[in-house]
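The values are calculated or read from the model by the stated rules, or taken from the named source; none is laboratory data. Because the structure is a prediction, the values reported are computed rather than measured. Neighbour counts are summed over all protein chains in view; Cβ atoms, including those assigned to glycine, are modelled from backbone coordinates with ideal geometry. With ligands, DNA and RNA removed, areas are computed over all heavy atoms of the protein, side chains included. Shrake-Rupley method; radii C 1.70, N 1.55, O 1.52, S 1.80 Å.
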Amino acid sequence: MRPPSPSIPEKEFVFDALKHSLRLDGRLPLEMRTPALSFGTELGCVECSLGKTRVLANIDAKMVKPTPERPFEGMLSIHSEISPMAASEYEIGRPSEEEVTITRMLDKVLRRSDALDKESLCIIAGQRVWHLRLTLHFLADAGNLLDCACMAGIVALKHFRRPEVEVVGDEVTVHPPTERAPVPLAIHHTPFCISFAFFPDPSTQPVIDPSLLEQRLSAGLMSVALNAQRELCVVQKLGGVPLAPDDLLAYINVAVAKAKELDVIVEEALKKDWSGRHVEVR
Amino acid sequence: MSVVVPGEHVPAQHVNLKLGPGLTQSSSSPTVISTRAGTLNHSANRSKWWVESNSRRYVPAPQESVIGIVTQKAIGSLVYARISLAHKDMEPELECFDAQTRKSEGFGELKGGFMVRCSLSMCRKLLDPNHFLLPLLGSQIPLEVAVGVNGRVWISSKELKHTIAISRCIEAVDPDGEGMEEKALRTFLGSLDA
């Protein structure tokens with residue numbers, strides 16, 4: 001069920017306020033909502049929230065036979081269907097434009113950027129590899145599901161521990177977590193996605209981490225995925241709003257600063273959670 | 001004042017029993033059953049009973065004032081209207097004037113300003129003349145407000161910053177959000193840049 005497009009007073013008010021660099025929730029134009037990460041009891045289960053936008057990520061692993069084209073690599077599959085729980089306009093089975101964008105972006109940011117070392121997931125070449133399944137549940141949409149989903153995904157990958165496996169010749173012994181401490185995944189780098197929303201009036205500055213109304217009223221969206229080491233993974237620009245090269249570089253620099261902040265927040269949250277966990281090894 | 005869940009039997013008995021929102025009487029037996037989760041209330045003489053609950057989804061009922069967005073002809077304009085006809089199987093009908101006085105009485109198109117979404121119980125609080133929020137805001141910022149019981153509130157004031165401040169205060173006091181009390185809200189309002 002599509003909601004009606006924003007009313008004229010809402011539209012005019014938001015554009016007017018943005019001309020004066022005012023946002024409805026009192027944020028500065030280049031201020032992100034502070035992310036909050038809460039971890040579940042299982043390893044690899046994390047709920048990420050940006051203000052009222054909430055996404056839950058869950059990882060499980062099972063051992064499978066690898067594809068014949070890539071016998072030395074494990075597999076990561078991402079499931080990100082938006083259900084009406086996020087907002088009443090989403091339907092299962094009929095991907096909205098936003099859902100398609102999110103699925104493509106997650107694929108580029110988490111799989112194609114080589115954040116996860118797939119070769120480390122190999123147990124016996126050609127016979128047994130780990131298949132990781134990342135499932136994202138979109139719990140609430142208050143704008144910017146994409147950034148929230150990417151963050152939830154990468155944090156879940158960093159949080160997850162797979163069971164330790166011992167290979168003697170052709171025999172594989174999987175040690176349950178109660179016997180041997182589970183092993184973290186090999187993550188090369190931590191990419192974060194930062195989105196900018198552009199508006200029809202060219203004199204209005206773009207805003208970072210748009211809220212729901214700002215996203216609906218935007219003329220174009222640009223998402224930049226990069227890590228704290230200033231390495232760009234993805235630059236995606238939708239909508240056709242013209243952007244000068246100098247401005248683009250300036251916004252990417254803003255995104256670098258945000259990525260560094262997010263990195264600090266994520267590392268702290270992971271450390272705090274890990275120190276609170278009691279992993280017993282007999 | 002007890003908490004009830006849907007399907008619970010409610011001991012409501014009176015000669016002139018009037019059932020308010022959240023209660024229904026099955027056609028066969030005289031038992032009264034609640035249809036919503038919330039607190040059960042009744043009037044002093046026990047003739048009127050109702051269930052107070054909070055939700056964000058509005059179900060139209062006649063004689064209620066709501067804010068709607070026009071979808072045909074003048075697309076996108078906001079109107080403040082009264083529901084004249086509401087049936088669960090049909091689209092509700094609205095009218096933009098008061099049925100008794102045949103005058104507009106503030107109904108009609110709402111120009112300018114901004115619209116905020118909130119929960120249904122927040123709307124009822126705003127319509128209550130004894131609630132602290134609107135008089136408190138009105139004493140500091142000149143404002144115009146139209147409250148629709150469908151979860152939408154139209155606000156208008158001279159400065160953009162003031163309108164933003166009012167919108168944030170409504171969201172802060174909303175029981176769905178933070179549910180701030182008067183004292184906390186005064187501190188919050190003071191901290192806003194207005």
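A few points about this structure:
- Residue selected from segment B:174-194 under the condition away from chain A (no Cβ under 11 Å) and small (G, A, S), by the criterion surrounded by the fewest Cβ atoms within 10 Å (Cβ to Cβ): B:G190
- Among the conditions (1) within 29 Å of B:I75 (Cα to Cα); (2) within 14 Å of another protein chain (Cβ to nearest Cβ); (3) in a loop (DSSP other than H, G, I, E, B); (4) modelled with pLDDT of 90 or more, A:P4 misses just one, which is (4).
- Among the residues of segment A:219-242, those that are over 20 Å from A:R111 (Cβ atoms) and surrounded by fewer than 17 Cβ atoms within 10 Å (Cβ to Cβ) comprise A:A219, A:R230, A:K237, A:L238, A:G239, A:G240, A:P242.
- Taken over segment B:117-165, the criterion of being away from every other protein chain (no Cβ under 12 Å), without any contact (Cβ under 8 Å) to a residue 60 or more places away in the chain and among the hydroxyl-bearing types (S, T, Y) is satisfied by B:S139 alone.
- Across segment B:174-194, the qualifying residues are those that are in a helix (DSSP H, G or I) and among the hydrophobic types (A, V, I, L, M, F, W, C), and the one among them that is nearest to the chain's Cα centre (by Cα) is B:L185.
- If the condition is being more than 18 Å from the chain's Cα centre (by Cα), under 23 Å from B:I69 (Cα atoms) and small (G, A, S), then segment B:109-139 contributes B:G112, B:G113.
- Search result, residues across segment B:89-110 that are over 22 Å from B:E171 (Cβ atoms) and touching a residue at least 24 places away in the same chain (Cβ under 8 Å): B:P92, B:L94, B:G106, B:F107, B:G108, B:E109
- Checking the stated criteria, A:A269 turns out to be under 21 Å from A:F160 (Cβ atoms) and of a type in the set (G, A, S).
- B:G76 more than 20 Å from the chain's Cα centre (by Cα) and assigned to a loop (DSSP other than H, G, I, E, B): yes
- The set of residues in segment B:63-79 that are within 14 Å of chain A (Cβ to nearest Cβ), loosely packed, with under 15 Cβ neighbours inside 10 Å and either of a type in the set (S, T, N, Q) or touching a residue at least 60 places away in the same chain (Cβ under 8 Å) (or both) comprises B:T71, B:Q72.
- With respect to the conditions (1) open to solvent by less than 30 Å² (accessible area, probe 1.4 Å); (2) over 23 Å from the mean Cα position of the chain (by Cα), A:V266 lacks only one, and its number is (2).
- Taken as a whole, the structure leaves B:E171 outside the set of residues that are over 29 Å from B:C96 (Cβ atoms) and either within 12 Å of chain A (Cβ to nearest Cβ) or not in a helix (DSSP H, G or I) (or both).
- Filtered by the rule that a residue be touching a Ser or Thr at 6+ places or on another chain (Cβ under 8 Å), open to solvent by less than 80 Å² (accessible area, probe 1.4 Å) and within 30 Å of A:I8 (Cβ to Cβ), segment B:21-62 gives B:N54, B:S55, B:P62.
- Residue satisfying condition, being touching a Ser or Thr at 6+ places or on another chain (Cβ under 7 Å) and away from chain A (no Cβ under 12 Å), within set B:F114, B:F97: B:F97
- Candidate set: segment A:177-218, residues that are closer than 24 Å to A:L106 by Cβ, free of Cβ contacts under 8 Å to residues at least 60 places away in the same chain and among the hydrophobic types (A, V, I, L, M, F, W, C); chosen: the one most open to solvent (accessible area, probe 1.4 Å): A:F198
- Under the condition of being open to solvent by 50 Å² or more (accessible area, probe 1.4 Å) and either in contact (Cβ under 8 Å) with a residue 12 or more places away in the chain or touching a Lys or Arg at 6+ places or on another chain (Cβ under 9 Å) (or both), the residues counted in segment A:159-171 number 4.
- Index of the failed condition, A:E12 passing every other in (1) open to solvent by 40 Å² or more (accessible area, probe 1.4 Å); (2) touching a strand residue (DSSP E or B) at 6+ places or on another chain (Cβ under 8 Å); (3) within 14 Å of chain B (Cβ to nearest Cβ); (4) acidic (D, E): (2)
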